[in-house]
Structures are given as structure tokens and as C-alpha cells.
Amino acid sequence: MHAFDHCVIHYAEIGTKSGNRAMFERALARNIARAVKPWAEIAVKREQGRLTFPLADVAAESMAEVLAAVARLPGIARTSAAIRTEPTIDALTAAVLPLAAERTGTFKIIARRSEKTLPFDSMDVARQLGAAVVEATGRPVDVHTPETAYFVEVDSKRGYVHDARSSGPGGLPTGSNGKVVALLSGGLDSPVAAYRMMLRGCEVIALHLWNQSYSGDGVHEKVRGLAEILSGYQKPLRLEMVPFDEIQQEIIAQAPAQLRMLLYRRAMLRVAELLRTEQKALGTVVGDSVGQVASQTLPNLAAVYDAATPPILAPLSGSNKLDVIAMAKQIGTYEQSIKPGLDCCSLLVPKHPATATSVGRLRAAEEHYDVDALAAEALSRREVHIFPPRKPRIRPV
């Protein structure tokens, strides 16, 4: 890794933007700098169709962690540790030969020239560098199934040479599409839903409502763990932990048992609505998948969503459980989500809840208690956690 002096980042969907591409590039550059901050302070530069930053201040033992942290960010198509050169054939050759000498077996040069005024094209680069590698190492060329590929990018100002790429998740950079409040339950679905919205450029504020009387501190720690994992894709991540005990007690005392689950969820959306207003967020994210459980039939979803101002964003609405499990494993939340711990929505509900209720029936049930006042009081007793934790400010004496 010692030869590599720059990280080269290629974006995905940003490339389809025209007039506002620079805005998305700046958002991605900010996110990259935040992701690398635990290891080094960097300046991310916007170049032709890519972003770069120097690796000079990154310790050799931290290089792999830094590259992995960058590669997982929404908006990124691929990243590479590269050698930066002058935009000449001789300079590119001097960079690729030491890399080629470190390995054996077949190889291929994949070149991309983005500046047409240069006195050579992509095929010239691939042909001349390939010939130099064969002469210096004796390694054979295989353009179809090479054991190693060497990537070369060159424009009018610089060239880059690298021999490995890490794929990113694609999508749009987090924060480029505004804020959303995402309900984070502790199960499999809600962390995946939050992640999916990060990929659409949304800055996620996570909201968890918990009943300490029944679930204890286990769920509290479980959700904090999920927030910490999700902060690998968005830094910083704000988690709001709101007590739900009093709201649930009032619903249990005043409403029919078969409606409790749906009334819990309407109350949660009201808390989310208050938080949205406070944080100037533009939508509420839920982990619903149509028909997955009794509370997620279309009639029930319509009746529950009535409690909040649109948009209610359900990125998993057409996904099945296997899709969600696969994504949870991919993003690293699966093992944390399956740890023991009761979601407060599963507390004190009948085995056969209502599957096709109406808005009118739920509104009528809510007339027996002041759900708006209960939601406001619950939010006033919240805990706020920031991931990664903010360092305390030390004032000079």
C-alpha cells in the first residue's frame, strides 16, 4: 500500500445530473471528509467525473479501514487507492511497472483517457503500458479473463494508476435530499428502511419509542447498536430515544384490544411529526411491507398513516422478508436486529388484531384520550444520542 498516494472516488447516479451535479459532488465530498475524520483531516477535490483526496496523512496501518469507510458511503460507485502521475505515457509506465512486478500471472491494462487533446488515446495507453509490463516482467496479457487488471485514468492535468477497486452502494450522497425522521424499532425492517433512504440522499434522524417498564434496558442498547452501525453510512447520525410507557398505558386503558397495535403506531407517527417539525425534516420513514403482518394490510396502513402529515415514506413496501434479510446482512444490521428484545408495538396486543379497520374507527378510539398531549409530553422526556459520539469541547483556561 505504500506506493499509493491518492484515493480516487467515482460516483454513480450523480453522473446523470446535469445543471446541479456540482451540488451533489459537494455533498459527497463533505461526507467523505467526515467519514475519514477519525483517521485524518483531508481535503476532497472535485475533478473530471471523480473526487480525490491525498493519502499522505493516513497512516499505513489505517489505510484499509479508511478505504472501507469511504467505499460504503451512499453516492459512491467505486473507490481505489491510486498512484498519481503526470499525464504522460512515460509517467504512467513508471507507476504501473512496480505494481506489475509485485504479482505473477496474466494481466490486462484498462485505460480511460478523458481529455481528447492529449497526443494519445485510451488504446495507445493500454497498448504501450501493456508492452512495457510484458518486457519488464514476462507476464502474459489476457484481455478476457486476466488474473490482475491495472486501471489507468488520465486527463489533461494528471493520471492515476491502481490495481484494485472497491464497489460502493451507489445512489445519492446522504444529505443532498433533505432530512427525514425514520422510526427505528430494533427489528430487521426499520434499519434497512432507514438505509434505503440514505441511498436516496436523505439525512436520517432515527426515532425509537420504547417501554422501559416491559422491555428493560436490553432494547435500549440494541437500538443504540443499530444506530452505531447505520452511522457508518451517515456521519453523524442522530438517535432520539423517546419513552412510550405512558402513551401505551393510556391506550391499553381506553381502547379495544384489537385496535391497540394500530393506535400505538398512530401515536408513534404523532411523535415523529413533532420531531419532524422541530428538526425541519421533510418526511417520515417507516419499515412497512404491504401484507407482511396484520397491521400492514392496505386498509390498516391507510388508517394508520392518516395520523401524520405526508409524505410517509415506506421504502420496503414492495419487499418480502427474504429481501430484507439479505439487505440487513449486506449492511451489517442483521446480527444486531435478531438479538433478543421486545419491540414496544408487540406488547399487550391480542393474537388476532384487526386486519381491515377504518380511519373513523381509530379516530373514535382516540377521542377517549389526548394523544397529541401525550406525544408532546413523551418527546419532552427524550434522550438524544449522536453517533459517532461528539468529542467534548475543552475550553482553554
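The values are calculated or read from the model by the stated rules, or taken from the named source; none is laboratory data. Just so it is clear, the model here is predicted, and its values are computed rather than measured. Here the Cβ is made from the backbone with ideal geometry for all residues, glycine too, and neighbour counts use every protein chain on show.
Points worth noting:
- Those residues of region 283-296 which are over 14 Å from Leu313 (Cβ atoms) and outside any loop (DSSP other than H, G, I, E, B), in sequence order: Ala294, Ser295, Gln296
- Arg26 without any contact (Cβ under 8 Å) to a residue 24 or more places away in the chain, under 19 Å from the mean Cα position of the chain (by Cα) and either part of a helix (DSSP H, G or I) or loosely packed, with under 15 Cβ neighbours inside 10 Å (or both): yes
- Of the helices (runs of 4 or more DSSP H) that lie entirely inside region 200-282, those containing 2 or more residues that are in contact with a Phe, Trp or Tyr (Cβ under 6 Å, 6 or more places away or on another chain) span 212-230, 245-254.
- Residue within region 373-387 that is over 25 Å from Thr297 (Cα atoms), in a loop (DSSP other than H, G, I, E, B) and modelled with pLDDT of 95 or more present: yes
- One residue from Thr309, Thr297 being under 20 Å from Val359 (Cα atoms), without any contact (Cβ under 8 Å) to a residue 60 or more places away in the chain, surrounded by 16 or more Cβ atoms within 10 Å (Cβ to Cβ) and in the same structural domain as Val223 (by TED's automatic domain parsing): Thr297
- Qualifying residues in region 131-162 (those that are of a type in the set (S, T, N, Q) and surrounded by fewer than 16 Cβ atoms within 10 Å (Cβ to Cβ)) - the one farthest from Thr88 (Cα to Cα): Thr145
- If you check Ala307, Ala328 for being at pLDDT 95 or above, outside any loop (DSSP other than H, G, I, E, B) and of a type outside the set (Ser, Thr, Tyr), only one passes: Ala328.
- For Glu102, the stated conditions do not hold, so it cannot be described as acidic (Asp, Glu), more than 16 Å from Leu129 (Cβ to Cβ) and without any contact (Cβ under 8 Å) to a residue 60 or more places away in the chain.
- Only one of Val359, Val324 that is in the same structural domain as Leu237 (by TED's automatic domain parsing), under 27 Å from Glu228 (Cβ atoms) and of a type in the set (Val, Ile, Thr): Val324
- Of the criteria (1) crowded, with 21+ Cβ neighbours inside 10 Å; (2) not in a loop (DSSP other than H, G, I, E, B), which one Leu73 fails: (2)
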